[in-house]
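Below is one structure, written out as structure tokens, with a few remarks after it.
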Amino acid sequence: MLLGGVILLTSFAYLGVLFAIAYYGDKRADAGRSIIANPYIYALSMAVYATSWTFYGSVGRAAATGVGFLPIYLGPTLVAALWWLVLRKMIRISKVNRITSIADFIAARYGKSSLLGGLVTVIAVVGIIPYIALQLKAVSTSFIILLQYPLVEMPPKGAPVGLLQDTALYVALLLAAFTIVFGTRHLDATERHEGMVAAVAFESLVKLLAFLAVGVFVTFGLYGGFADVFERAAQLPNIEQLLTLGGSAGTYSSWAWLILLSMLSILFLPRQFQISVVENVNENHVAKAMWLLPAYLLAINIFVLPIAFAGLMQFPAGQIDADTFVLTLPMVHKQEALALLVFIGGLSAATGMVIVETIALSTMICNDLVMPVLLRWKSVATRRDLPRLLLRIRRSAIVLLMMLGYAYYRIAGEAYALVAIGLVSFAAVAQFAPAMLGGMYWRQGTRAGALTGLTLGFLLWAYTLLLPSFAKSGWLPLSFIEHGPFGIEPLKPLALFGLKGMDDISHAMFWSMLFNVGGYAAVSLLGQQSIRDRAQALLFVDAFKFAHRSSSLWRGSASVQEVVALVGRFLGPQRADEAFAQYAAQCGVASAAGFTPDPDLMHFAENLLAGAIGASSARVMLASVVKEEPLGMDEVLNILDEASQVIAYSHQLEQKSRELEVATAELRAANERLKELDRLKDDFISTVTHELRTPLTSIRAFSEILHNDPQMPVAQRDGFVMIIVKESERLTRMINQVLDLSKLESGNAEWHATELDLKEVIHEAVSTTGQLLREHGVSLELALPERVPMVRADHDRLMQVMLNLISNAVKFCPRDTGRISIALHVRPDELQVDVADNGVGVAAQDQELIFEKFRQVGDTLTGKPQGTGLGLPISRQIVQHFGGRLWVVSEPGHGATFSFTLPLTLPLGGTGSQS
């Protein structure tokens, strides 16, 4: 049984948990151990985009328009792909200029204009107050519905509720207290509210889990899964219109406008700017949020249609408000715990939005509306308790915003103006897009252009969306919509200038954006930028180039003591002294008193002030204690050109550095090659000396035997002499090979090319090696055609190749069972000779290695076969000299086939004469 006490106790317990998380987060931040320096917490906190309008309203919108709820979430998903370019630049600009709000951002971009900052603040407050009211209404309505459990009834519409009995009032006061405690602890608005961000991230998790729990209960508890829900929903009347475009689900045009609207909203809603930009700890966290937030939106919307269809099937038409299906479905099936969890989820969605939104708006009200006015009064500007005054202003603004939201909720009630306010608020903040995006990417954008565009866009938005919602609520006569003001048909707000066939949002977006963008561009192009406007434009558009050069745009004289005292009046003397002492340490100066006023110091002081009172007010206050000399446009451009040159030099140094890295890599590769050559040299010396020592040892040994034994029998003497002769020949052959290779490589080899018959060369080589074959017991097979075309080559060199290949084959054939086959093939353009054996074969990884100089397969000195390792490289060079190729095909254990080709003097069928 859900009693009111249980619901209240649970709600307070949940809010207590939020207080505890926020308190813990702030404590950790004070200790220098941030808990929000985590990309996942950053992405979760950005899910403040999903308010109670998402939690309850998505199902209500899906029940009325089917898939028409999707564009609100497709837009953020699509624009997330551009965050690395857009949001990261926004963060970089804000960090460098200590920007505290979206109003501060626009004001700073256009010459630190307080007028522009004030206009942006007014638009944001007018557009967002109804949205805050919607959150209070969601919490209040869900509480009243849950309080009636086990009955499932809608609160009576229009029934008066006493002020002290109104749940929404207490919710508003409680949220105001939470926001004041954790949102205005510090005066410096650029300091992160780490506790608040941690609490918002936790709330995002809670509302997601609550919604998924309802989705699973409905889809798999009440029905047999997604397919079952959709099959049964197919019996509902007009269900096809809910699932196809063109009807109640919206047209392609309305989808396009809604997607654009939501793309702009997630960037320019004050709460999104607060969380995504001001509270950002590390701009690299954007990369994680680019996929995590779309994944979150997918998860929280995956059960929207099943819940909507289940509500339509479970409740009689018109009995239950579709916006409450998420809560009433568990209630009607007696799921008390789940219903309570849903209530907490809705409370999370609403409180997260309200807390962040009021912090953002209170900063804007303080810095861009109140302070520019107050600072004009000397009595205020010279007060010593300015920090306390600023905090009071912000805290008062929070209470004021909350009460305005509550008042709007009390006045609007169930009126259309509140029910439809979600998209209306989105359309209001979308008016910031031209000034924001133009300011970041278009240097010609001017303050006058931004003022014109924003004013026109805001007026068109109010005329085509806000006022019609008032008329539909009965606050204005309906004739305003039906016949236009004063009966002027072309001025009908929902068919302005005769434009019909579009839904209200698309119609309003079309006209407001047309006038906004058109006014901004036209006035900017026709007008002229001021010096500061131009300088700020360069600093914002080229934010990544000039991130640390903005301080150069100042020239004048000032007293350092006065500057420090000025900052101390707003931040407090202690904090100001600490900040300047830290700055002095970074600059290598003993203390702030040792400074001489320069652009860097003025920039530092202005940024400190901007964090407390906004960029435009900071500029005004700093100007009150310094004597600034105006800079001409040429001087500003020269200063920025100098910065550009420094950047260019930096780029050149980076280029040189990259070239040095490449050269280092090449030198490293050359060094490796030299080491390899050194190893080859060692192998060569080892191989050659080993090969030379073997015959020399034999020659010396047999010569000594002959010398020491003159009485040796003649037959034995002749045998020893023959061995000496053969070893001498072997020695000579090896030396000749080394010399031969040297000549080939140096190009000094002598070539005697003539027309020759390759078959005769093969016969001659076989005849020469006949004795060698017999000694090793190796059989030889020949497969030679009757006649072969002539080739042009050096007879002796080809003999050298054939002898190398045959002696190689003999060397690796098994003794007495070895087989060698030599085949000659006639190809259309060449002759191919194959020398195959049944030896040990050559592994695949060694088949190219054996053609390198002095390279033999096997361990040096031990497992290496006899020879210098020069026969095959010499043979390949000879064959290649005559235009042929030499290669090996082998499989270990199955012998090897060495093949070479030589081009024919005349291709087969040719008619030219041989030469």
| task | Take M722, M90 and sort them by solvent-accessible surface of the protein heavy atoms, 1.4 Å probe, largest at the top. | result | M722, M90
| note | Debye calc, one equal point scatterer per Cα of segment 561-632, no solvent, log10 I(q)/I(0) at q = 0.18 1/Å comes to -0.65
| remark: Here the membrane-span-like helices of the chain, with no claim about any membrane, defined by DSSP H, Cα axial extent at least 27 Å and mean Kyte-Doolittle at least 0.0, are 4-30, 114-147, 194-216, 336-364, 386-412, 504-526, 714-746
| query | Of [x] -0.53; [y] -0.30; [z] -0.47, which one was derived for log10 I(q)/I(0) by the Debye sum over Cα atoms at q = 0.05 Å⁻¹ from the structure shown? | reply | [x]
| note | Result for segment 417-546: accessible area per residue, probe 1.4 angstrom, in square angstrom, of 39 Å²
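Could you list the GluC sites (Glu not before Pro) in segment 671-774 that lie in coil according to DSSP, counting only those with at most 16 other Cβ atoms within 10 Å of their Cβ? Provide the component values of the computation, followed by the final result.
Details: sites: E672, E676, E691, E704, E727, E729, E745, E750, E755, E760, E764; in loops: E750.
Those that pass, being in a loop and sparsely packed, are E750.
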| remark: Normalised Cα Rg of segment 652-758, dividing by 2.2 N^0.38 Å with N its residue count, works out at 1.95
| said: Rolling a 1.4 angstrom probe over the protein chains, ignoring ligands and nucleic acids, what is the accessible area of I72 in square angstrom, nearest 10? | reply: 10 Å²
| message | At 1.4 Å probe size, with the rest of the protein present, what percent of the exposed accessible area of segment 11-163 is carbon and sulfur atoms? | response | 69 percent
| message | What does the net charge come to around M364 if you take all other residues with beta carbon closer than 11 Å to its beta carbon, with K and R at +1 and D and E at -1? | response | -2
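Could you check how much of the accessible area of segment 327-394 is carbon and sulfur, as a whole percent, using a 1.4 Å probe?
Roughly 58 percent, rounded to a whole number.
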| said: Once the convex hull of the alpha carbons of segment 414-508 is built, what does its volume come to per residue, in cubic angstrom? | reply: 109 Å³
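With a 1.4 Å probe and all protein chains in place, put V620, V541, V286 in order of accessible area, largest first.
Final ranking, largest accessible area leading: V620, V541, V286.
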| query | Any idea what the relative contact order of segment 642-745 is, in percent, if you count C-alpha pairs under 8 Å spaced at least 6 apart? | reply | 25 percent
| query | With every protein chain present, what accessible area does K207 have (1.4 Å probe, heavy atoms only), rounded to the nearest 10 Å²? | reply | 10 Å²
| field | segment 242-353 - convex hull of the alpha-carbon atoms, volume per residue in Å³ | value | 146 Å³
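With the cut-off at 23 Å, tell me which of the pairs K27/K112; K472/K492; K137/K288; K95/K378; K95/K288; K759/K853 have Cα atoms farther apart than that.
Working: K27/K112 35 Å; K472/K492 14 Å; K137/K288 34 Å; K95/K378 30 Å; K95/K288 19 Å; K759/K853 29 Å.
Beyond 23 Å: K27/K112; K137/K288; K95/K378; K759/K853.
Given a 1.4 Å probe and heavy atoms of the protein chains only, how would you sort W291, W461, W442, largest accessible area at the top?
Putting W291, W461, W442 in descending order of accessible area: W291, W442, W461.
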| request: Enter the per residue convex hull volume of segment 198-303, computed from alpha-carbon coordinates, in Å³ rounded to the nearest integer. | output: 129 Å³
| request: Mind grabbing the base-10 log of I(q)/I(0) for segment 117-252 at q = 0.10, 0.16, 0.21, 0.22 Å⁻¹? Debye formula, identical points on the C-alpha positions, no solvent, two decimal places. | output: -0.64, -1.22, -1.32, -1.34
| field | Rounded to the nearest 10 Å², the accessible area of V59 at probe 1.4 Å | value | 0 Å²
| field | Centre separation in Å (Cα based) which lies between segment 763-817 and segment 289-323 | value | 86 Å
| said: Over the chain, what is the relative contact order in percent, taking alpha-carbon pairs closer than 8 angstrom and at least six residues apart? | reply: 14 percent
| field | Alpha-carbon centroid distance for the pair segment 870-902 / segment 70-148, whole angstrom | value | 76 Å
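DSSP loop (so not H, G, I, E, B), at most 15 other Cβ within 10 Å: list which trypsin sites (Lys or Arg not before Pro) in segment 1-79 pass both filters.
Listed in order of number, the matching sites are R33.
The values are calculated or read from the model by the stated rules, or taken from the named source; none is laboratory data. As the structure is a prediction and not an experimental result, all values here were calculated from the model. Cβ atoms come from the backbone with ideal geometry, glycine included; neighbour counts cover every protein chain shown. The area values use the complete protein model at the heavy-atom level, side chains included, leaving out ligands, DNA and RNA. Shrake-Rupley method; radii C 1.70, N 1.55, O 1.52, S 1.80 Å.
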